[in-house]
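Q: Sharing a structure here in structure tokens format.
The values are calculated or read from the model by the stated rules, or taken from the named source; none is laboratory data. Worth saying up front: this structure is predicted, and the values here are computed from it rather than measured. We place every Cβ from the backbone using ideal geometry, glycine too, and count neighbours over all the protein chains shown.
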Amino acid sequence: MTDSWDNARRHPALTVVGLFVAGLIGVALISYLGPGGGELYASLVTGLGCGLLLALLGWRAMRDGVDAATHPLHPLTVFNLLMAAAGVVLLAWGTITFNWPLALSGLPLLGLGIALMVTRRLVNRGNSTN
């Protein structure tokens, strides 16, 4: 089985450095040139943090390898639960305060959280039949 990280695994140092530089330069430029920007130090610190995060995530993705595809996905992740919970809270808060735009803004979050859980469950079911 091959995946999109095969070439990255052959050149791990180049991949991690590339991800770091892309995050550093891209986010620093957006932060510096974007609205409310102009602060060089804050832009560089933000870019440095994003570059380090991209490098870490890239390293983890390369290290996990193809074996990660064989592990079952857990439908209830922290992100999925937070999305659904945030949607419920906004929906309830908007309903209690009769603020209908606030209540309606919770529906997409609730829908996203539930859709992610259902999708992960269906992917697990599909992987178990193969």
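Q: Residue by residue through segment 98-119, note down the ones that are over 12 Å from VAL88 (Cβ atoms) and of a type in the set (Val, Ile, Thr).
A: Once the filter is applied, which keeps residues that are over 12 Å from VAL88 (Cβ atoms) and of a type in the set (Val, Ile, Thr), segment 98-119 yields VAL118, THR119.
Q: Pairs please, first residue from segment 95-113 and among the β-branched types (Val, Ile, Thr), second anywhere and surrounded by 16 or more Cβ atoms within 10 Å (Cβ to Cβ), Cβ atoms under 6 Å, 6+ apart in sequence or on different chains.
A: From residues that are among the β-branched types (Val, Ile, Thr), the pairs are THR95/ALA103.
Q: Among ALA103, ALA85, ALA42, which is on the phi < 0 side of the Ramachandran plot, part of a helix (DSSP H, G or I) and at pLDDT 90 or above?
A: One residue alone meets the criteria, ALA85.
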